[in-house]
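The values are calculated or read from the model by the stated rules, or taken from the named source; none is laboratory data. The structure displayed is predicted, hence computed values, not measured ones. Glycine also receives a Cβ, built like all others from the backbone with ideal geometry; neighbour counts cover every protein chain displayed. Each accessible area value is taken on the protein alone, full model and side chains, heavy atoms only, with ligands, DNA and RNA left out. Shrake-Rupley method; radii C 1.70, N 1.55, O 1.52, S 1.80 Å.
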Amino acid sequence: MNTRRVPAAAAWLLKVFRVTANNPALIGDIHEEFLNGHSSIWLWKQVLAAIVFSIGKELYRHKLLTIRAILTGQVAVMLCSSALNVALRDHWLLIAVLSQFPSSLWILNYVFRILYFVPAAIAFMAGGWIVSRFHAEHRRALVPLFAIVQIILLLSVGELHRVIVDSITQPRFRWYLWNQSPLLILCPLAVLAGGYLRRRRAGRRAE
Amino acid sequence: MDQDAYLRDFELIVLLAVLRLGDDAYGVSIARELKAQTRREPSLAKVYATLDRLQEKGYVSSRLADPTPERGGRAKRYFNVTAPGLKKVRETQRILVKLWRDVPKLEGGTA
């Protein structure tokens, strides 16, 4: 008897992104092929493809809603970012000094550097929350999309984009890139956290 | 422009695979058939996305079988090509054959 099981994390992801509810036959097929001897890499490729297709289908069916969600989320990020800039204008120097706190451990240095990006993370979180708040029914597709859009924007415009371009041609800028890199990690996590916060609270209210 | 005027390449390939498999056309068997014939393995999600699109256009129909334990208690979804689907495949074949003919570069070779 075959005792292999689909990993719980894969099953959880498929459930969270509603693939299980929307297409139970697809999950059955993945299950069947995995038990027939396909590798774990194959399984994860199928799971990711299923999630991408599920999100893509939902976005394609609600194009106007998708545009509206991106725009409202973006406005929320910009407003929140501006408000935080004003509120913290007298404290930026202190935050910058704290974020450069020297430590013998590089990982601690990195953690301190993250401090500098906390206000930006709060703005991204607000964007994720707004997208989720106003598009509750499609948040599973819209919040990850909003996170991807924010990463693309970070990489294509602004400070981070300039540092990336400079560090390709001039190695001395790589240190600045390293300094800015926490933003790339914090941005999608903050957007997803903002969206998830809304879901948890909605869930609790339903209970 | 009528978006349903022509079948997309992958839609045609999937329809042909469903026709070849007859009564045994479900996600896994269709993906296997596609791998056997094209030597490329499409993801099951891509196969289902295409089948869903074809079903919306009315070119295939589906039915659920009984759930089985080896599929984690989930049912197989069997697909059949409908009469409009069959007509569309014939129409696409006719157009492609017509285009194929009298192309000097394609004459006298198999590659």
Amide H neighbours of B:Val60 at under 5 Å, excluding residues fewer than 5 places away on the same chain, with H built from the backbone geometry, are B:Gln55, B:Thr82
TM-like helix rule applied to chain A (DSSP H, alpha carbon span at least 30 Å on the long axis, mean Kyte-Doolittle at least 0.0) gives A:40-61, A:63-87
Accessible area, 1.4 Å probe, largest first: how do A:Val118, A:Val6 sort? A:Val118, A:Val6
Mind checking how much accessible area B and A bury in total, 1.4 Å probe, in Å² rounded to 100? 1700 Å²
To the nearest 20 debye, what charge dipole does chain B have about its Cα centre, counting +1 at the Cβ of each Lys and Arg and -1 at the Cβ of each Asp and Glu? 120 debye
If you roll a 1.4 Å probe over chain A with all protein chains in place, what percent of the accessible area is carbon or sulfur? 69 percent
What one gets for chain B as the Kirkwood radius, inverse of mean 1/r over different Cα pairs in Å, is 15.4 Å
Protection proxy ranking, peptides A:160-167, B:15-22, A:84-91, average beta carbon neighbours within 10 Å, highest first: B:15-22, A:160-167, A:84-91
Kindly express, to the nearest 10 degrees and within the range 0 to 90, the angle between helix B:27-38's C-alpha long axis and the longest C-alpha principal axis of chain B. 30 degrees
Dipole of the range B:1-65 (Lys/Arg Cβ +1, Asp/Glu Cβ -1, origin at the Cα centre): which of B:Val18, B:Ala65, B:Pro42 lies farthest to the positive side? B:Pro42
Report, in degrees rounded to the nearest 10, the 0 to 90 angle that the Cα long axis of helix B:9-21 makes with the longest principal axis of chain B. 60 degrees
Can you compute the charge dipole magnitude of the protein assembly as shown about its Cα centre, using +1 on each Lys and Arg Cβ and -1 on each Asp and Glu Cβ, nothing else charged? Give it in debye, rounded to the nearest 20. 380 debye
Sort A:122-129, A:55-62, B:50-57 by the packing proxy (mean of other Cβ within 10 Å over each peptide's residues), most packed first. A:122-129, B:50-57, A:55-62
Interchain or sequence-distant (5+) residues whose placed amide H lies within less than 5 Å of the amide H of A:His62 are none
Using only the Cα atoms of the protein assembly as shown, what do you get for the radius of gyration and for Dmax, in Å? 25.4, 79
Report, as an integer, the average count of C-beta atoms from other chains found within 10 Å of each Cβ along B:41-54. 6
Whole number in Å², please: accessible area per residue of chain A, 1.4 Å probe, ligands, DNA and RNA not counted. 60 Å²
Which one, A:Val118, A:Ala69, A:Ile95, projects farthest toward the positive side of the charge dipole computed for chain A from Cβ point charges (K/R +1, D/E -1)? A:Ala69
What list of ³J(HN,Hα) couplings, whole Hz, do you get for the range B:78-88 from phi and the Karplus terms 6.51, -1.76, 1.60, once you set θ to phi - 60° and write x for glycine and proline? 8, 10, 9, 7, 7, 4, x, x, 4, 5, 5
Testing the spin-label approximation: label points 7 Å from Cα along Cα→Cβ at B:Arg101 and A:Arg162. State their distance in nm. 6.5 nm
